[in-house]
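Chemist: The structure follows.
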Amino acid sequence: MVDISSARPPIWREIPKGIWALGFVSLLMDVSSEMIHALLPVYMVTVLGVSALTVGIIEGIAEATAAITKVFSGVLSDWLGKRKLLVALGYGMAALTKPVFPLAPSIGWLISARFIDRVGKGIRGAPRDALIADISPVHLRGASFGLRQSLDTVGAFVGPLLALGLMWWTSDQFAIVFWIAVIPAVLSFLLVVLAVKEPERQPGMRGVRLPFSRSDLVRLPLNYWVVVGLSAVFTLARFSEAFLILDAQVVGLSLMFVPLVLIVMNISYALSAYPVGVLADRVDRASLLMMGLALLVAADLFLAFIPGLLGLGVGVVLWGLHMGFSQGVLAAFVADAAPAELRGTAFGIFNLTAGVALLIASVVAGALWDTAGPQGTFLAGASFAALAAAGLFLSRRWLRTRKMEEETADV
């Protein structure tokens with residue numbers, strides 16, 4: 001007879017409250033951001049008359065800006081030994097910029113708003129990921145990152161769903177949708193200020209210099225740099241989701257239904273990220289990443305070769321699954337590899353590298369879209385994904401992380 005009282009509680013109940021709070025902060029901000037971003041590429045092309053290449057450049061610069069800012073905010077959080085202040089500042093900046101989108105009279109205003117919004121994302125990104133690593137127990141690290149990613153991605157499909165309904169309700173009035181998006185952004189900022197508690201800095205941790213110090217960088221181990229390199233090649237294959245939205249236009253979706261692309265993708269992402277995170281605490285994480293790359297190759301091939309709504313639908317679902325199999329796992333790899341006092345720096349460099357790769361990928365994707373069409377764009381993505389898979393296979397033996405050592409030390 002099983003002793004129910006001694007049965008282990010579900011994994012989600014063991015995850016600290018601070019992780020849940022950060023997850024819902026991300027959810028609310030993503031609802032706001034994706035209500036805008038689900039419509040922004042189409043708005044720029046159809047209303048403001050810009051090219052696909054311009055969309056790619058804007059998206060790439062925006063994400064690269066966020067990544068570059070993450071480096072400095074990550075280092076600053078390590079130096080201060082405080083991460084919540086920077087997290088709150090980043091979410092506050094994003095909330096303040098949201099009213100610019102409905103007020104913008106030209107593409108220049110939209111570029112400025114997108115730029116400032118991404119600076120806010122950059123300020124909060126690395127300190128938030130480092131804070132998750134600080135709060136979460138070692139044996140729940142994959143689950144913690146997976147949960148945060150799942151809640152974040154729930155917001156990423158609720159936002160486009162709201163945009164879809166509001167575009168129908170308002171007869172395609174972009175400005176009204178953009179104004180309503182301000183509300184969840186403000187709620188996100190209030191939640192991070194009131195509900196997230198930062199743990200005390202562990203005694204005996206080494207200090208970190210400001211700005212970068214070579215002595216600090218050399219303390220980041222080889223397996224960390226392997227993860228950074230693999231992530232860069234991975235990101236070259238994963239250009240901006242703006243091109244999924246443009247592909248929806250190519251297959252004939254009306255403006256009102258274009259947000260369905262991000263809705264479907266993010267449902268797939270949200271449903272997979274947490275279970276994969278839990279699995280990442282129990283099995284070889286490199287195998288999960290390999291599965292993610294295989295899913296990305298399959299997504300690109302469907303988008304390139306299967307015409308109409310069938311190819312778009314299957315490709316978008318597979319794209320979301322590959323995100324669920326990769327993003328939280330990569331974050332857990334970084335958290336495992338980096339010393340506790342350098343986690344902000346480690347996540348900052350990791351995100352900078354990914355952001356530069358995303359800038360290159362988005363610009364190349366935009367140029368290919370204008371010259372070779374959607375098929376050339378997605379085939380290039382599949383090629384980079386295959387290259388990343390080959391690199392992952394060859395470097396698996398260098399991906400041994402500190403996780404086993406930390407768990408042994410905890411025993």
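The values are calculated or read from the model by the stated rules, or taken from the named source; none is laboratory data. Every value quoted in this text rests on a predicted model; they were computed, and no experiment measured them. When we count neighbours, we look across all protein chains shown, and the Cβ atoms used for this are built from the backbone with ideal geometry, even at glycine. Only protein heavy atoms, including side chains, enter the accessible area calculation; ligands, DNA and RNA are left aside. Shrake-Rupley method; radii C 1.70, N 1.55, O 1.52, S 1.80 Å.
Chemist: Heavy-atom accessible area per residue, the chain, 1.4 Å probe: how many Å²? Numbers along the way, then the final one.
Modeler: On the way: 16620 Å² over 411 residues.
Heavy-atom accessible area per residue stands at 40 Å².
Chemist: Related question: Can you show me the helix-derived [θ] at 222 nm for the chain, built from DSSP H runs with n ≥ 4 at -39,500 (n - 2.57) apiece and divided by the number of residues, rounded to the nearest 500.
Modeler: One gets -25500 deg cm²/dmol as the mean residue ellipticity at 222 nm.
Chemist: Quick one, which of (i) 1.08; (ii) 0.95; (iii) 1.33 is the actual Cα Rg over 2.2 N^0.38 Å calculated for this model?
Modeler: Only one listed value fits the structure, namely (ii).
Chemist: I would also like to ask the following. Is any residue of segment 266-298 close enough, with backbone N under 17 Å, to a label point placed 7 angstrom from the Cα of TRP12 along the Cα-Cβ axis, and if so, which?
Modeler: Within reach of a label on TRP12, which here means backbone N under 17 Å from a point 7 Å along Cα→Cβ, segment 266-298 contributes 267-280.
Chemist: While we're on this one: How long is the gain from ASP284 to SER395 if the chain were fully straight, where each residue apart is worth 0.36 nm and the alpha carbon distance is subtracted?
Modeler: Between ASP284 and SER395, full extension yields an extra 38.6 nm.
Chemist: How large, in percent, is the carbon and sulfur part of the accessible surface of the chain at a probe radius of 1.4 Å?
Modeler: So the carbon and sulfur contribution to the accessible surface is 70 percent.
Chemist: With axes computed from alpha carbons, what is the tilt in degrees of helix 308-324 against the longest principal axis of the chain, rounded to the nearest 10 within 0 to 90?
Modeler: The helix 308-324 is inclined about 20 degrees to the chain.
Chemist: For the chain, set up a GNM with springs between Cα atoms under 10 Å and report which of SER188, SER106, SER144 has the largest fluctuation.
Modeler: Residue with maximal mean-square fluctuation among SER188, SER106, SER144: SER106.
Chemist: Sticking with this structure for a sec: Roughly how many nanometres apart are two label points built 7 Å out from the Cα toward the Cβ at SER112 and SER171?
Modeler: 3.2 nm
Chemist: So, one more: Helix 141-169 versus the longest principal axis of the chain: what is the Cα-based angle in degrees, 0 to 90, to the nearest 10?
Modeler: Rounded to the nearest ten degrees, it is 20.
Chemist: Ordering PHE115, PHE101, PHE72 by how much accessible area each has at a 1.4 Å probe, largest first, what is the list?
Modeler: Final ranking, largest accessible area leading: PHE72, PHE115, PHE101.
Chemist: Amide H to amide H, which residues 5 or more places from ILE306 or on other chains are under 5 Å from it, using H placed in the peptide plane?
Modeler: none
Chemist: Dipole of the chain, Cα-centred, from +1 at each Lys and Arg C-beta and -1 at each Asp and Glu C-beta, to the nearest 20 debye?
Modeler: Dipole about the Cα centre, nearest 20: 920 debye.
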